[in-house]
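One structure, as structure tokens, below. Some questions next.
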Ligand SMILES: [Ca+2]
């Protein structure tokens, strides 16, 4: 079931030149998020609740979901690579939606710069520190 899910995620993004490993990673986090009883299958209820939260939740719930999805290490901190990964995915979606004509913008570079400025704003060390949920929420809303 999980393999199907990842396969589906990969094939639906394949034409966009998005890194497969990256999709697989996010798909895994997303799957875990949906799979509330961790039995490696998604039942209708889990999918329904997951989608409701993703698309219908309050702003607070959405921030929480984003935070948990990208906290791959699960230590309740977004390390620099996790945060820049989050921005990279966000920018890819935004750029894809807007299809800025001809202008070759690079989501990875933008993500790196944004993550750097976010860490800088809180006076954190990109090598060692991480953004906690309160910082992320504050930053998300500013
Ligand atoms: Ca983490």
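Within the stretch 130-142, count every residue that is over 17 Å from residue 68 (Cβ atoms) and in contact with a strand residue (DSSP E or B) (Cβ under 8 Å, 6 or more places away or on another chain).
0
Give all pairs with beta carbons closer than 6 Å in which a residue from the stretch 36-48 that is not assigned by TED's automatic domain parsing to the domain that holds residue 65 meets a residue that is part of a loop (DSSP other than H, G, I, E, B) and modelled with pLDDT of 80 or more; count only pairs at least 6 apart in sequence or on separate chains.
Final answer for the pair search is 42/35.
Could you tell me whether the stretch 22-29 includes any residue that is buried (at least 18 other Cβ atoms within 10 Å of the Cβ), under 28 Å from residue 126 (Cβ atoms) and within 16 Å of the ligand (Cβ to nearest atom)?
Yes; the residues of the stretch 22-29 include at least one that is buried (at least 18 other Cβ atoms within 10 Å of the Cβ), under 28 Å from residue 126 (Cβ atoms) and within 16 Å of the ligand (Cβ to nearest atom).
Then there is this: Can you tell me which of (1) under 21 Å from residue 23 (Cα atoms); (2) surrounded by fewer than 16 Cβ atoms within 10 Å (Cβ to Cβ) is the one residue 138 doesn't meet?
(1)
Suppose we filter 75, 68 for residues that are part of a loop (DSSP other than H, G, I, E, B), assigned by TED's automatic domain parsing to the domain that holds residue 127 and touching a residue at least 24 places away in the same chain (Cβ under 8 Å); which single one remains?
Details: 68 fails: part of a loop (DSSP other than H, G, I, E, B).
On inspection, the qualifying residue turns out to be 75.
Would you check if there is a residue in the stretch 102-109 being within 16 Å of the ligand (Cβ to nearest atom) and in a helix (DSSP H, G or I)?
no
So, one more: What number goes with the only condition from (1) within 25 Å of residue 19 (Cα to Cα); (2) at pLDDT 85 or above that residue 128 does not pass?
Against the list (1) within 25 Å of residue 19 (Cα to Cα); (2) at pLDDT 85 or above, residue 128 comes up short only on (1).
Would you pick out the residues in the stretch 34-87 that are surrounded by fewer than 16 Cβ atoms within 10 Å (Cβ to Cβ), closer than 28 Å to residue 119 by Cβ and modelled with pLDDT under 80?
Residue satisfying the conditions is 57 alone.
The values are calculated or read from the model by the stated rules, or taken from the named source; none is laboratory data. Note that the coordinates shown come from a computational prediction; the quantities given were computed from them, not determined experimentally. A quick note on method: Cβ atoms are made from the backbone with ideal geometry, for glycine too, and the neighbour counts reach across all protein chains shown.
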